Structures are given as structure tokens and as C-alpha cells.
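Since the structure comes first, as C-alpha cells, the remarks are kept for the end.
The values are calculated or read from the model by the stated rules, or taken from the named source; none is laboratory data. Model, not experiment: these values are computed from the prediction. Glycine also receives a Cβ, built like all others from the backbone with ideal geometry; neighbour counts cover every protein chain displayed. To get the accessible areas, we keep the full protein, side chains included, count just its heavy atoms, and leave off ligands, DNA and RNA. Shrake-Rupley method; radii C 1.70, N 1.55, O 1.52, S 1.80 Å.
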Amino acid sequence: MTKNVLLNNVTHKDLKIIPENSNAHGDGLGFSAIVPWEFRQVAACYPIFFRKTGSDNQFEAIALFGFSPDENLFVGDQRRDDIYTPLSIARIPFAIGYTQDGNTGQREPVVHVDMDHPRVSFTEGTPVFLEHGGNSPYLEQVNSMLAELISGVNVCKRFTDILQAEDLLEPFVLKITLDNGQQIELGGFYTINEKTLRELSAEQLARLHNQNFLELIYMSIASLANIKKLINKKNALLRN
């Protein structure tokens, strides 16, 4: 359950966020959404896949952390400098909300906080506000992350829309056998159709390149080498 409320420096003047990376603090997530300008860092650490977000045939890009919805094989690693933490994970327990401007009628983004999240505390952790009510450096960092996510979601939609238009997405089912004989089958994700990619015309490739999408495609393909890293982590976990 979540309890998202509008963040303010009066009600939440003593709010703190526990930085520890653990399953007990809500990090048991099998994947997270990512935005295009994260692809380079994500591809160095995790496999990148695509998944449908709902019945409207829209897709999002995701970084895969484990082989089930609540398995994060990188718990304990994601605070290290050499392991990138995607923005949609790093911003937790904060989220983007919207309010309507009374004068213009336009929706304006605001910051919400999930008061039921295990990272939330009033006794320990990183302060959200300064002593006299101003934003702490941590909250300024969160605000920057949320702003990047807002704009990144729009770019990702354009990216996945053109992937569909060029028939570059194909369903993917991962089947592996672990060292102990356990078999895992993971479905529901999509990858780049490399055969279709090779058959694109010069004009199609130029269109992708001009929108800075061709690089994202190749980084997505290259990231699949990290599946082996996940398998190795799973095998090591089962041995311990």
C-alpha cells in the first residue's frame, strides 16, 4: 500500500529518509522503468528490456534486476559508485503529482511523498528540509531527478512509438537452468528485433539516428550481455 501526500515543509519539517539499500527498506523490486538518457549507465550494469504499460499498447524501457517481480539481485550493490541506480529507484519514496492552476487551468507538477514507505522516518536518516524550512541538498537532488523523469517519459514514448512503427520490438522469453538444476522462465518483456534492424533502409536508419534513437537501440542490444551477470548472482545467492 502507498500513502502519497503532498510534501510541505510544515507538516513534514522533521521528515527524514533512510538511505540504506535493503529488502526491508523497499528495494525488493525485480525491475524499474528507465528514461533514455540513463541507457548508457544502465547498459553497463543491467539488461535493458521493454514492456507494455497497459492496454493502450504503450511501452516503457526497463532495467532488469532479478528473475521475479520482487527479486533484486543487486540489493546491497546499488549504493556503490560502480553500480548505477536508475532514477525511478533513487527518487523513492518521492513521486510526481499534479495540481491544477486556478488561473490557467494547466496541470502543474508537485512533489508527493509516500508516508507508508519503509524508508520514511522522523527519527533517523537524511533530512528532507533544513532547520528553518528550506529544501535540503537531498531534496534538491530529488527535485532534479523528478524533473528528469518528467521529460524523460515523453522522450521514451517517442522512442518506443517509433520502435513499434518500424516493427523493431519482439516478444522475449528468458529460459535458464541454474547450477542447482532449477529452471526459470521469464516472460512479458520485449527486445529489439535484430533481424528487422539489419533490414532497415538507409532512410529509416537516418531517421532513427537523427532523433538520437539509433544509439539507444544498440545500447539496448549490448546490455543483454548482462543477463549472464544476473545468472551468476542468482547462482551465488543459492550457494550461500
Checklist entry - When only Cα pairs under 8 Å and 6 or more residues apart are kept, what is the percent relative contact order across the chain? => result 27
Checklist entry - For segment 173-240, what relative contact order do you get, as a whole percent, if you take Cα pairs closer than 8 Å and at least 6 residues apart? => result 29
Item to check | Column: log10 I(q)/I(0), Debye, Cα scatterers of segment 182-240, q = 0.16, 0.28 Å⁻¹ | outcome: -0.67, -1.21
Checklist outcome for this item: Checked against the positive end of the charge dipole of the chain (+1 on Cβ of Lys and Arg, -1 on Cβ of Asp and Glu, about the Cα centre), the farthest of Thr104, Gln211, Leu73 is Leu73
Item to check | Solvent-accessible area per residue for the chain (1.4 angstrom probe, square angstrom) | outcome: 54
Checklist entry - Taking θ as phi - 60°, what are the ³J(HN,Hα) couplings along segment 30-44 by the Karplus curve (6.51, -1.76, 1.60), each to the nearest whole Hz, with x for Gly and Pro? => result x, 7, 9, 5, 10, 10, x, 6, 9, 4, 4, 5, 5, 5, 7
Checklist entry - Hey, got a sec? Which trypsin sites (Lys or Arg not before Pro) in segment 60-148 land in a DSSP loop and have at most 15 other Cβ atoms within 10 Å? => result Arg79, Arg80
Checklist outcome for this item: Expressed to two decimals, segment 1-137 has a Cα Rg over Rh, using the Kirkwood radius, of 1.00
Item to check | Calculated [θ] (222 nm, deg cm²/dmol) that DSSP helices of n ≥ 4 give over the chain, each run adding -39,500 (n - 2.57) | outcome: -9500 deg cm²/dmol
Checklist outcome for this item: Expressed to two decimals, segment 95-240 has a Cα Rg over Rh, using the Kirkwood radius, of 1.09
Checklist entry - Which of rounded, prolate, oblate describes segment 106-168, given a ≥ b ≥ c as roots of the alpha-carbon gyration tensor eigenvalues and a/c under 1.5 marking rounded, otherwise prolate only if a/b is larger than b/c? => result prolate
Checklist entry - Given DSSP loops and a limit of at most 11 other Cβ atoms within 10 Å, what is the longest stretch of the chain that contains no such GluC sites (Glu not before Pro)? => result 1-123
Next on the checklist: Quick check: Cα centre of segment 85-160 to Cα centre of segment 164-225, how many Å?
Outcome noted: 31
Checklist entry - Over segment 153-201, what relative contact order in percent results from Cα pairs under 8 Å that are six or more residues apart? => result 34
Item to check | Solvent-accessible area, 1.4 Å probe, carbon plus sulfur percent, for segment 127-173 | outcome: 57
Checklist entry - Residues of segment 184-222 with amide nitrogen under 13 Å from the 7 Å Cα-to-Cβ point of Lys157? => result none
Checklist outcome for this item: tail above 16 Å in the computed P(r) of segment 140-191, as % of all Cα-Cα pairs, reads 64
